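A short write-up of the structure that comes next.
The values are calculated or read from the model by the stated rules, or taken from the named source; none is laboratory data. Only a predicted model underlies this, so the values are computations on that prediction, with no experimental measurement involved. Please note: Cβ atoms are built from the backbone with ideal geometry, for glycine as well, and neighbour counts cover all protein chains shown. Note: accessible area is taken over every heavy atom of the protein model, side chains too, but ligands, DNA and RNA are not part of it. Shrake-Rupley method; radii C 1.70, N 1.55, O 1.52, S 1.80 Å.
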Amino acid sequence: MTRFPAAVIRLLFSSFVFVMGRAVALPFMALYLYEHLGINQQTIGWVLGGSIFSSTLFSLYAGYLADRLSKNLLMKLAGIVVAVSTAALTIVPNAWTALFALMCIESALTLRGISLKATLAELLPPDQRPKAFSLNYTLINVAFALGPVLGAWLFAIKVSGPLWMAAVFSLLASQVLGKPAAALKSGEASKSSPAGFRATMRVLRSDRRLILFSMGSVLTSFVFGRFVSGYLSQYLMVSQGTQATAQLLPFILITNAVTVVALQYPVGKLMQQKYLFRWVSLGATLYALGLLGFMHAGSAMSWVLATLVFTVGEVIVIPCEYMFIDMIAPADKRGSYYGAQSLAMFGAALNPVICGYLLAHFHSDVMFWVLISATMLGVLMYFAGTRSKPVEEHRAESEAVVKPATEPAKVTCKPRTCLSVLAASKQLAGNRVKNLFPLS
């Protein structure tokens, strides 16, 4: 097993504690808003969806902040903001104030996640980063396996209990971080001062590979981001009814959680940057096979097997998404690049809306074929990104093409030399004509 530096272990443990707080409170947020504020389900949906939408937009600026300020400080501040805002949810008087508190929470979560990934990339060499990303994702799933159990117990005692426990976990995670560790000394380090926000956005827009990889992440996130709470729940309710849905969902959730926890780190250890496209292609193929399994599943065992195949694809694709961005990100703009990749959450946000529309207006198979098509299109985006040239090479080629047009080269030669060149050109042209029209 890979031995990470103590600073990385402390960082991953802090991430686990922080996510535990989120896992304790998040599953009961809708219930709490209903009990505390008495608002209807549609309003709750707007409040929860609006907070996620705003945090996704904020991810670009969050990445910029991670490049300019101390990432350790940002992670600590994010923990404090989450703790204060979560506690404030226990006293908010209406939906608008609840929306503001949740926007603060989701934005702080985004800032911390980007700072965490950028810090891991600074502390570890490239060959160890896939293992660290995979281990972090494993710990997230372990937290979401344990957190809801604790949250349910607290919710039964007091409705606001999960929120107070989440605030405690957030503060504890900030304390666990400790002092910032020294970044890895390598050729990636950059001593130049970060550019302004507008200049950084221009750099991001000009990087064709970043755009293609981000579009690939949006499409794959659309497929797996909300596959249980999104389209599978909607599909089961339409095709089999509420009772059958309630019986099948626990099997699906348990299969997904156990598979991720068991395989994420071992699979992550095998990944290498030079084979990333092969890995993401394999993961997308497993997505497609899992979706075909969902389409034709007729028993609980077939649902479990389809979920197993789909989840192995998830185990492969998620670290690949981070590694594609890590592979192209300049050292001084790594946070901004991760912030751009976080826009993939738009895919997860659109999933319930689009799939709900497809289920309401078309045969259910249409929804699965749309998801499979999105998977394949995502692979094409990654393929195009791997074939695209780095922004530096593209800029150099553009300058090489433009320069002769603006500054034509002046040919200076002696008369005899020019005459010799002219004679040689005529002889060469004559030879080409002879080759085109041979006499014999």
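Looking only at residues in segment 85-118 that are farther than 17 Å from Val19 by Cα and among the polar types (S, T, N, Q), the one that is least open to solvent (accessible area, probe 1.4 Å) is Thr90. Filtered by the rule that a residue be of a type in the set (Phe, Trp, Tyr) and either at pLDDT below 85 or in a helix (DSSP H, G or I) (or both), segment 328-363 gives Tyr337, Tyr338, Phe346, Tyr357.
Is it the case that segment 26-38 has a residue that's closer than 14 Å to Ala173 by Cβ, part of a helix (DSSP H, G or I) and charged (D, E, K, R)? No - not one qualifying residue is present in segment 26-38. Here Tyr32 fulfils each of the conditions (1) within 26 Å of Leu253 (Cα to Cα); (2) touching a Phe, Trp or Tyr at 6+ places or on another chain (Cβ under 6 Å) apart from (2).
Among the residues of segment 39-90, those identified as under 17 Å from Gly113 (Cβ atoms) and part of a loop (DSSP other than H, G, I, E, B) are Leu69, Ser70. Among the residues of segment 1-52, those that are of a type outside the set (A, V, I, L, M, F, W, C) and open to solvent by less than 20 Å² (accessible area, probe 1.4 Å) comprise Ser14, Ser15, Gly21, Tyr32, Ser51. So, in segment 53-66, of the ones that are under 23 Å from Leu33 (Cβ atoms) and of a type in the set (S, T, N, Q), which residue ends up surrounded by the fewest Cβ atoms within 10 Å (Cβ to Cβ)? Restricting to residues being under 23 Å from Leu33 (Cβ atoms) and of a type in the set (S, T, N, Q), the top hit is Ser54. Scanning segment 306-348 for residues that are of a type in the set (Ser, Thr, Tyr) and open to solvent by 10 Å² or more (accessible area, probe 1.4 Å) yields a count of 2. Just one residue in the set Val366, Val391, Val402, Val421 is touching a helix residue (DSSP H, G or I) at 6+ places or on another chain (Cβ under 7 Å), farther than 24 Å from Ile52 by Cα and at pLDDT below 70; that residue is Val391. Here segment 169-209 is the region considered, the condition is being outside any helix (DSSP H, G or I) and among the hydrophobic types (A, V, I, L, M, F, W, C), and the residue that is modelled with the lowest pLDDT is Ala189.
Conditions (1) farther than 26 Å from Asn256 by Cα; (2) under 20 Å from the mean Cα position of the chain (by Cα), marked per residue:
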| residue | (1), (2) |
| --- | --- |
| Ala66 | yes, yes |
| Ala98 | yes, no |
| Leu109 | no, yes |
| Ala143 | no, yes |
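Against the definition (closer than 21 Å to Met345 by Cα and surrounded by fewer than 23 Cβ atoms within 10 Å (Cβ to Cβ)), how does Leu69 come out, yes or no? In short, no.
Out of Leu171, Leu135, Leu150, Leu139, report the one residue that is under 29 Å from Leu89 (Cα atoms), of a type outside the set (Lys, Arg), open to solvent by 10 Å² or more (accessible area, probe 1.4 Å) and within 24 Å of the chain's Cα centre (by Cα). If you could, list the steps in order and put the result at the bottom.
On the way: Leu171 fails: within 24 Å of the chain's Cα centre (by Cα); Leu135 fails: under 29 Å from Leu89 (Cα atoms); Leu150 fails: within 24 Å of the chain's Cα centre (by Cα).
Residue meeting the stated conditions: Leu139.
Does Lys158 satisfy the condition of being in contact with a helix residue (DSSP H, G or I) (Cβ under 9 Å, 6 or more places away or on another chain), surrounded by fewer than 18 Cβ atoms within 10 Å (Cβ to Cβ) and modelled with pLDDT of 85 or more? The answer is yes for Lys158.
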